[in-house]
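To keep things clear, I will list the structure first and then write my remarks on it.
The values are calculated or read from the model by the stated rules, or taken from the named source; none is laboratory data. Since the model is a prediction, treat every value here as computed from it, not as a measurement. Glycine also receives a Cβ, built like all others from the backbone with ideal geometry; neighbour counts cover every protein chain displayed. Side chains are part of the model used for accessible areas, which takes the heavy atoms of the whole protein and leaves out ligands, DNA and RNA. Shrake-Rupley method; radii C 1.70, N 1.55, O 1.52, S 1.80 Å.
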Amino acid sequence: MFARLCLASALLLLPAAAQAQEPNACDKFKWSVAREKSWFEAAPQKIASGDAAQVGKGYAVALKPLAETAFAKTPARAPKPETFAALLTVPAIDKPGLYDITLSGEGWIDAVQNGAIARTVDFSGLVGCAAVRKSVRYQLESGPLTVQISNVAGESVLLAIAPVE
């Protein structure tokens, strides 16, 4: 009888143990977004469209209605009416290389340098990670950068800009 109870208890615990070992949805991105997730969870600095941002930080960005946003370059994906957008400037990318620009929610990201939209190297996005929705990898040059955010349904989004580690 005791053996049956132990077996029954063990069988009941198996689904919970298997579930505990399943990776978190945030662990299923093509690359780790743990750094950005931690920035987003740490009450990021609030900035608004038109403000300057720095590499290596997370921000809570207040967006403007699309109709009030003047983009540096026409976004690569046409903005939808009734969405929100922002332009942020990064005064200087110190070192050329790969950089991730990450959003907490649904939206479109364009990185603009030297009067052109920078080349997208890769993209990773998931539904189900509460903190991070998408991360786009860009090849950036040294110098100033403009980050354009568009097609966001709400008035704010979390954003992070970081060199690829």
Check: Taking the range 49-73 as the search range and keeping residues that are open to solvent by 40 Å² or more (accessible area, probe 1.4 Å) and assigned to a strand (DSSP E or B), which one is nearest to PRO163 (Cα to Cα)?
Finding: LYS57
Checklist line | Selection count where residues are open to solvent by 30 Å² or more (accessible area, probe 1.4 Å) and in a strand (DSSP E or B), scope the range 155-165 | finding: 3
Check: Out of all the residues in the range 142-154, is one or more outside any strand (DSSP E or B) and touching a helix residue (DSSP H, G or I) at 6+ places or on another chain (Cβ under 8 Å)?
Finding: no
Next item on the list: Sort out which residues of the range 71-93 are under 18 Å from GLY154 (Cα atoms) and among the small types (Gly, Ala, Ser), and write them in order of number.
Entry: ALA78, ALA85, ALA86
Next item on the list: Filter the range 119-133 down to the residues that are outside any strand (DSSP E or B) and at pLDDT 95 or above, then identify the one that is nearest to ALA153 (Cα to Cα).
Entry: ARG133
Check: So is ALA18 out of contact with any helix residue (DSSP H, G or I) (no Cβ under 9 Å at 6 or more places or on another chain), in a helix (DSSP H, G or I) and modelled with pLDDT under 95 or not?
Finding: yes
Next item on the list: Please go through the range 89-116 and pick out each residue that is in contact with a Ser or Thr (Cβ under 9 Å, 6 or more places away or on another chain) and surrounded by fewer than 18 Cβ atoms within 10 Å (Cβ to Cβ).
Entry: THR89, ALA92, ASP94, LYS95, PRO96, GLY105
Next item on the list: Check ALA153, ALA86, ALA111, ALA131 and return the single one that is of a type in the set (Gly, Ala, Ser), over 19 Å from ALA67 (Cβ atoms) and in contact (Cβ under 8 Å) with a residue 40 or more places away in the chain.
Entry: ALA131
